[in-house]
Amino acid sequence: MVAEPTTFGIEEEFVFLDRETLRPADVAAGAFDTLSALPAWAPITHREFLASQVEHASTVFTSTDAALASLVGFRHELAEEAARLGVTVASVGAPPDAHGFPTVTDLPRYLRIVDEMGGVIADHQIQGLHVHVGVVDHDAGVRALNVTRNWLPLFSALTGNSPIWRGHDTGFESWRNVSQRRWTTTGCPPVFRDGDDYDRRLERLIGIGGMQDQAIIMWNARLSSHLPTIEVRVADAQLEAWSAVLLAALFRALVDCVLDDELGRSAAVQPTPEAAPGPELLNASLMHSAHSGLQGEVLDPVLIELRPAEETLDRCIRVLQPALEAAGDLELAREGVARLLRNGTGAARQRAAFAANGRTGLRELYEPTFAASL
């Protein structure tokens, strides 16, 4: 079994919003200056692409309890800073309304992206949740990546949180994932032979279609360009910290099942060679999940068939159970999934709040949930 819990980290992107219009508020520089002056927060507070955004790039964890406490602590600090600035801070995949073109953070790399991508940036006003899991080397990372790609539609269905865009219900759970399809590398990554194959093929992309460096590779899962990790990027920013930690627990368990031989023998986390999906099926399933979330059917990552969401989640928890138990996360996973099925995803809750009371309903959802501990 896993001798020591596998390490993981969480990146959350947050957006400041005008309290009345819920359009992005370009106050992130002030918030960054405040938090980066505090020793506890300086190493994990980062500027983001837009002048309305701040990123929390967590420390390295082995415990999901520690992760939850850390995420809630940062969110609490950020909420206090938002109150001082007279704005709302939200953890959503897209703001419910937006200006015609966003204010981009004045850093050379970001300005080059705007020059190269032009009008694509108008709708690239999005926030994601990125989970990193530690791997020993690139070859191990590729082994995990080749399996993770089959689980991306399910992870997307769990984490949709961007249904409202430019003042209208889009009909999608994750409009963020739809918006990202305009970029050069999006959706499901291809299958790679090994770490060398991964590095060689990524290097050939640099300089083509706005791909100025590996950090702009926007597949829904990838190997980190600067850390010894595999990273899943399909998730929208989550209303509450607990659902971010839920994804981290599930993703870590999946990686452990792939890379730990003993766990792998008792956990069938990938399809048979005959059932293995091509990229066209996975990308279609990602669009399906972006639209429907946990309502209706989702692609089962092992059977590679559309199955009812509740049935698929129940079976996948059982598939991942050996690794979840080894990490002490089985109850967290069971309770978190049950909570999502009972109360709805962030997208479902946003849609209900917007239908009931428009922008006011959304603000009344965002503010009390942002730093909630449970």
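Miscellaneous remarks
- Inter-residue pairs, beta-carbon under 9 Å, first farther than 18 Å from S156 by Cβ and in the stretch 250-262, second assigned to a helix (DSSP H, G or I) and of a type in the set (S, T, Y), 6+ apart: C257/S266; V258/T148
- Options S174, S179, S156, S162: the member that is touching a residue at least 40 places away in the same chain (Cβ under 8 Å), more than 20 Å from G296 (Cα to Cα) and among the hydroxyl-bearing types (S, T, Y): S179
- Segments classed as helices (runs of 4 or more DSSP H), wholly inside the stretch 234-313, with at least 3 members that are modelled with pLDDT under 95 and surrounded by fewer than 21 Cβ atoms within 10 Å (Cβ to Cβ): 261-266
- Residue match in the stretch 353-361 (condition: of a type outside the set (A, V, I, L, M, F, W, C), in contact (Cβ under 8 Å) with a residue 12 or more places away in the chain, within 26 Å of A69 (Cβ to Cβ) and buried (at least 18 other Cβ atoms within 10 Å of the Cβ)): no
- The one condition in (1) within 22 Å of V120 (Cα to Cα); (2) without any contact (Cβ under 8 Å) to a residue 60 or more places away in the chain that R200 fails to fulfil: (1)
- Residue satisfying condition, being surrounded by fewer than 17 Cβ atoms within 10 Å (Cβ to Cβ) and within 18 Å of A248 (Cα to Cα), within set G346, G328: G328
- Residue selected from the stretch 187-221 under the condition among the acidic types (D, E) and surrounded by 12 or more Cβ atoms within 10 Å (Cβ to Cβ), by the criterion modelled with the lowest pLDDT: D213
For every residue, the table says whether it meets (1) closer than 16 Å to A90 by Cβ; (2) among the small types (G, A, S); (3) without any contact (Cβ under 8 Å) to a residue 24 or more places away in the chain.
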residue	(1), (2), (3)
E12	yes, no, no
A40	no, yes, yes
I44	no, no, no
A51	yes, yes, no
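- L111 meets the conditions (1) touching a strand residue (DSSP E or B) at 6+ places or on another chain (Cβ under 8 Å); (2) in contact (Cβ under 8 Å) with a residue 40 or more places away in the chain; (3) surrounded by fewer than 19 Cβ atoms within 10 Å (Cβ to Cβ) in every case but one. The failed one is (2).
- Test: residue in the stretch 151-159 that is in a loop (DSSP other than H, G, I, E, B) and modelled with pLDDT of 95 or more: no
- Residues that are in a strand (DSSP E or B) and hydroxyl-bearing (S, T, Y) were ranked within the stretch 161-176; the one that is surrounded by the most Cβ atoms within 10 Å (Cβ to Cβ) is S174.
- Taken over the stretch 2-31, the criterion of being in contact with an Asp or Glu (Cβ under 6 Å, 6 or more places away or on another chain) and either hydrophobic (A, V, I, L, M, F, W, C) or under 11 Å from A51 (Cα atoms) (or both) is satisfied by V2, L22, A25, A31.
- Restricting the stretch 68-83 to residues that are free of Cβ contacts under 8 Å to residues at least 12 places away in the same chain and of a type outside the set (A, V, I, L, M), the residue that is surrounded by the most Cβ atoms within 10 Å (Cβ to Cβ): G73
- Any hit, the stretch 11-33, residues being under 29 Å from L254 (Cβ atoms) and touching a helix residue (DSSP H, G or I) at 6+ places or on another chain (Cβ under 7 Å): yes
- Any hit, the stretch 19-35, residues being polar (S, T, N, Q), out of contact with any Gly (no Cβ under 8 Å at 6 or more places or on another chain) and free of Cβ contacts under 8 Å to residues at least 12 places away in the same chain: no
- Residues that are more than 14 Å from the chain's Cα centre (by Cα) and of a type in the set (F, W, Y) within the stretch 145-188 comprise W165, F172, W183, listed in sequence order.
The values are calculated or read from the model by the stated rules, or taken from the named source; none is laboratory data. Small disclaimer: the values here were computed from a predicted structure and weren't measured. Cβ atoms come from the backbone with ideal geometry, glycine included; neighbour counts cover every protein chain shown.
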